[in-house]
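Novice: Before anything else, here's the structure in question.
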2 protein chains.
Amino acid sequence: MPSSAIPDHDIRSIQRLTTLHGHISAQTSAEQSNMSNQTLKIVVCRDLGPDVMPLFYERPELDIVTWPHDRPCERAWMLENVPGATGIVVVFGEPVNQEVIDLAGPSLKVVSTMSVGYDHIDLAALKARGIRAGYTPDVLTDAVADLAIMLALMAGRNGSETIDLVQTGQWPQYSWSPYGFCGPQLSAPSAFLSSLTPNVQSQRTAGFIGFGRIGQATLARLVPFGITDVVYYTNPANDSDPKAIERFAKLEEELCKRHPSLKSIFRVSKAELAKQSDVVFVLAPGGPATRHVVDEEFLKEMRRTAVLVNASRGTLVDSDALAKALKEKWLWAAGVDVVEGEPKVGSDHVLVKEPRCTVLPHIGSATLETRLGMATLAAKNLIAGVFNEQMPMELK
Amino acid sequence: MPSSAIPDHDIRSIQRLTTLHGHISAQTSAEQSNMSNQTLKIVVCRDLGPDVMPLFYERPELDIVTWPHDRPCERAWMLENVPGATGIVVVFGEPVNQEVIDLAGPSLKVVSTMSVGYDHIDLAALKARGIRAGYTPDVLTDAVADLAIMLALMAGRNGSETIDLVQTGQWPQYSWSPYGFCGPQLSAPSAFLSSLTPNVQSQRTAGFIGFGRIGQATLARLVPFGITDVVYYTNPANDSDPKAIERFAKLEEELCKRHPSLKSIFRVSKAELAKQSDVVFVLAPGGPATRHVVDEEFLKEMRRTAVLVNASRGTLVDSDALAKALKEKWLWAAGVDVVEGEPKVGSDHVLVKEPRCTVLPHIGSATLETRLGMATLAAKNLIAGVFNEQMPMELK
């Protein structure tokens, strides 16, 4: 399979969106910046696509200045353009710090980021100046839960290896064999299947490290695969917090009601989770508190037929430990959408080199619908902030 | 990712099974064939692995002659060994025809195949001689349904392209962009997401070409992804068969009861199915009657954001038409586990060359549990046939 040139790919996606939704692409704003001084200057550091940019253009009060390329905005361009801005739209990784705020000057009222994370925004500095900020949470739950299921399946079914076999032209030489390319089945074996062989049991345990909205959405998708038991591990601080304990008890009760085929659901220690799970989903926030929550010790406790999925942040999994674990077969396989140190993850990375590790380039939220929703939310947050209205998703 | 040498892979799987299930590998039977003439000769054309072969070895009445290699049984070896056999065990693709039956002679009582398909067995010739036959259906429903979901997700999420980007070391150069690597979301967008943008609707239609056990198992898995509507297309002969029509009406009623979140389920024409579906699953039997049921005409009617999944038989989809459709963007992407003419599908095959087509090497039933179940069933069928007992799955 020839790889598409990357810029083409993005352009194709954007063109696709235009076609999809039948909008007419509004002209980008390189020329539009020479407008009257009465208008409010909005600096948009990334073109949000032909379905979203019109939300700005249709407001004659706004003077939209957009980074004209389909690649990350250059810092120099941003610094050159922010003076006098009323609003700034950024995407993840474009720092909005004291320098930007000072350069923008007293006109700045709102900063809007198309992202769930907001490490790149100096919230304290914004607050000190009464500048509002918007972000785009809650929109990507389904997209990430879908990807978590895909990774669990790909890990168990040797997805990377079998695709590679076909792509490198080895299929014609490959001869079927009783256990060729077999891996553990995500679905619980049927009663008939388990009646045939005493060692195949009709049950499956899913483990969740972090059990918030995305974890629960992933669980919902797993239920018809015959998942019978659930274990989850949360921030240890919860263990001594009566309110948290009550909250989890309620959640468990609610989930058992919602999914009557579940036989059990327990909050457990990390070691117990490793021991009991047929599939482990890492779906917790990043940051220092969760760094390497999946380490050598955890991996050693895992079932030899289990798979590990990380669709949250790369820092949660120790890559070297996982590569070692896969090599020494402590677990069956892994599927990761995120890797510590990304995007500096080349073809010689320990995980990329492991045949039993499926590595995706952080595409968790990459669906047309979700990204369109995130971009729309970023635009709506910005506009609401500029006109002193309620922002759909304000960062407080 | 380095490709494993293929024989190694199979051997690894088999060794793995031993470890998994804690059985002690029985010695293969090269030496065991020199036994007394009182025993019944069983020719096993493929080693069924250390978890299953003991089912034969533990019967002292049987003299087991096993093809000693981990590759397809050579015809000459089979013909040399079948004379005087009471039973023959084969896998898919090893012809049991008049020649084999004649060579085996009057001792032959049973032929057992580790496969669902039985095109390789001359049933009429067996029947004429009163020889019983066993096969292994029903065991692989879950394994194939799992794979169908995986292919639907991989097609929509650019699975092949993104894996390729990482494997070829392009991730470090890839910069995030709002719509980079986006594809249509399998999950129906949430109410919140669709409230943001008028063009994103909270509904999804799944279409099934063929709607038997595997189709229904796939549907069950799709329900929590928010699939709201179902259309299916079956053998046109059903249209004028009142009994079939009644059967489908009952099925629809039952499925609506089982999945209360479904809003509609209809049996429709092929053209309607193409027009309405966000995802099309081809899960029908092979053979001349279904050849190229997915052709240029069908593909032209599909939604531009839809994905196509084929996890049944390669003959159902016209590969050239699909490649053309993907190139010209009549649909979004495809995921196929089977290709017409397989395994003669090299890296220059029209579908393998399409970046938007995920091609897997027919691994639908390839899970440890399912293949172990199929092998066990094949052994149990054989033994039951030899000892005049009821076969778990007899071909009649």
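Novice: Using a Gaussian network for chain B with springs between C-alpha atoms less than 10 Å apart, which of these wobbles most: B:Trp332, B:Trp67, B:Trp77?
Specialist: Sorting by GNM fluctuation, first place goes to B:Trp77.
Novice: Using Cα atoms only, what is the angle between the long axis of helix A:242-258 and the major principal axis of chain A, expressed in degrees (0 to 90) to the nearest 10?
Specialist: Approximately 70 degrees, to the nearest ten.
Novice: Return the Rg/Rh value of the range B:60-171, two decimal places, where both radii are evaluated on C-alpha atoms and Rh is the Kirkwood radius.
Specialist: Numbers: Rg = 20.6 Å, Rh = 17.1 Å.
Rounded to two decimals, Rg/Rh equals 1.20.
Novice: Follow-up. How much of the pair distance distribution for the range A:141-359 lies past 21 Å, counting alpha-carbon pairs only, in percent? Don't jump to the answer; show the numbers that get you there.
Specialist: Numbers: 13075 of 23871 pairs.
Tail of the P(r) past 21 Å holds 55 percent of the pairs.
Novice: For A:Lys127, go through the lysines and keep the ones whose alpha-carbon is under 17 Å away, minus same-chain ones fewer than eight residues off.
Specialist: Result set, ordered by chain and number: A:Lys109, A:Lys396.
Novice: Sort A:Trp176, A:Trp330 by heavy-atom solvent-accessible area, probe 1.4 angstrom, most to least.
Specialist: Values: A:Trp176 80, A:Trp330 35 Å².
Ranked list, largest accessible area first: A:Trp176, A:Trp330.
Novice: Working from Cα positions, state the angle (0 to 90°, nearest 10) between the long axis of helix B:6-21 and the longest principal axis of chain B.
Specialist: 80 degrees
Novice: Further question on the same structure: With unit charges on the beta carbon (Lys/Arg positive, Asp/Glu negative), name the residue among A:Val350, A:His259, A:Ile209 whose Cα is farthest towards the positive pole of the charge dipole of the range A:141-359.
Specialist: Of A:Val350, A:His259, A:Ile209, it is A:His259.
Novice: Oh, and also: Between copies, how close do the B:Ser261 label points come, placed 7 Å along Cα→Cβ, listed in nm from shortest?
Specialist: 1.3
Novice: Hey, another quick one. Ordered shortest first, which distances in nm separate the 7 Å Cα→C-beta label point of B:Gly93 from those of the other copies?
Specialist: List, nearest first: 4.4 nm.
Novice: Counting Lys +1, Arg +1, Asp -1, Glu -1, what net charge surrounds B:Gln276 among other residues with beta carbon under 9 Å of its beta carbon?
Specialist: -1
Novice: In chain B, what cysteines have no partner Cβ closer than 4.7 Å?
Specialist: B:Cys182, B:Cys256, B:Cys357
Novice: Could I ask something else about it? Taking H as built 1.01 Å from N, whose amide H comes closer than 5 Å to the amide H of A:Ile121, not counting residues under 5 places away?
Specialist: Those lying under 5 Å, H to H, from A:Ile121 are A:Val96.
Novice: Another one. Using θ = phi - 60° and the Karplus curve 6.51 cos²θ - 1.76 cosθ + 1.60, what whole-Hz ³J(HN,Hα) does each residue of the range B:379-390 get, with Gly and Pro shown as x?
Specialist: Here the 3J(HN,Hα) series is 5, 5, 4, 4, 5, 4, x, 5, 9, 6, 9, 6 Hz.
Novice: Here's another thing I want to ask about it. For chain B, with a Gaussian network of springs between Cα atoms less than 10 Å apart, report the residue from B:Leu123, B:Leu299, B:Leu377 with the top mean-square fluctuation.
Specialist: Checking each option, the largest mean-square fluctuation is seen for B:Leu123.
Novice: Here's something else I'd like to know. Show me B:384-394, B:205-215, B:102-112 ranked by packing, highest mean number of other Cβ atoms within 10 Å first.
Specialist: Those peptides, ordered most packed to least, come out B:205-215, B:102-112, B:384-394.
Novice: Considering every residue in B:143-152, what mean count of other chain Cβ atoms within 10 Å of its Cβ is obtained? List each step's numbers first, then the result.
Specialist: Values: counts 7, 0, 3, 9, 5, 0, 9, 10, 3, 2.
Mean partner shielding for this stretch: 5.
Novice: How well do other chains shield peptide A:344-355, expressed as the mean number of their Cβ atoms within 10 Å of each residue Cβ?
Specialist: Details: counts 2, 4, 7, 8, 1, 4, 0, 1, 7, 3, 2, 5.
Mean number of neighbouring Cβ atoms from other chains: 4.
Novice: Now for a different question. For a distance above 37 Å, tell me the whole-number percent of Cα pairs in the protein assembly as shown that qualify. It would help to have the intermediate numbers written out before the result.
Specialist: On the way: 144160 of 313236 pairs.
Cα-Cα pairs of the protein assembly as shown separated by over 37 Å account for 46 percent.
Novice: Here is a further query. Roughly speaking, to the nearest percent, how much of chain B's 1.4 Å accessible area is carbon and sulfur? Let's see the in-between values first.
Specialist: On the way: 8070 of 15240 Å².
Of the solvent-accessible surface of chain B, carbon and sulfur hold 53 percent.
Novice: Which value, in Å², gives the accessible area per residue of the range B:141-359 when a 1.4 Å probe is used on the protein heavy atoms?
Specialist: On the way: 7980 Å² over 219 residues.
Accessible area per residue, the range B:141-359: 36 Å².
Novice: Springs between alpha-carbon atoms under 10 Å, Gaussian network over chain B: tell me which of B:Lys300, B:Lys353, B:Lys243 tops the mean-square fluctuations.
Specialist: The residue that fluctuates most here is B:Lys243.
Novice: Leaving out ligands and nucleic acids, note down the accessible area per residue over the range B:45-126 with a 1.4 angstrom probe, in whole Å². Please report the intermediate quantities before stating the final value.
Specialist: On the way: 3030 Å² over 82 residues.
Here the residues of the range B:45-126 average 37 Å² of exposed surface.
Novice: Which net charge results for the neighbourhood of A:Arg213, defined as the other residues with beta-carbon distances under 11 angstrom from its beta-carbon, given Lys and Arg at +1 and Asp and Glu at -1? Numbers along the way, then the final one.
Specialist: Working: positive: none; negative: A:Asp138, A:Asp142.
Value of the local net charge: -2.
Novice: Need the list of lysines near A:Lys270 for cross-linking: C-alpha distance under 30 angstrom, and skip anything on the same chain fewer than eight residues off.
Specialist: Counting by Cα, and skipping residues close in sequence, A:Lys270 has these lysines nearby: A:Lys243, A:Lys250, A:Lys257, A:Lys300, A:Lys324, A:Lys327, A:Lys329, A:Lys344, A:Lys353.
Novice: Follow-up question, since we're still on this one. Report, by chain and number, residues whose modeled amide H sits under 5 Å from the one on A:Ile265, excluding near sequence neighbours (fewer than 5 apart, same chain).
Specialist: Result for A:Ile265 returns A:Val230.
Novice: Residues with amide H under 5 Å of A:Gly169's amide H, sequence separation 5 or more or different chain, H placed in the peptide plane at 1.01 Å from N; which?
Specialist: Here B:Ser347 satisfy the definition.
Novice: With charges set only on the Cβ (+1 for Lys and Arg, -1 for Asp and Glu), what does the dipole of the protein assembly as shown come to about its Cα centre, in debye to the nearest 20? Before the final figure, lay out each step's value.
Specialist: Working: 76 positive and 90 negative charges, 259 e Å.
Once rounded to the nearest 20, the dipole reads 1240 debye.
The values are calculated or read from the model by the stated rules, or taken from the named source; none is laboratory data. The structure displayed is predicted, hence computed values, not measured ones. Reconstructed Cβ throughout: ideal geometry from the backbone, glycine too, with neighbour counts over all protein chains shown. To get the accessible areas, we keep the full protein, side chains included, count just its heavy atoms, and leave off ligands, DNA and RNA. Shrake-Rupley method; radii C 1.70, N 1.55, O 1.52, S 1.80 Å.
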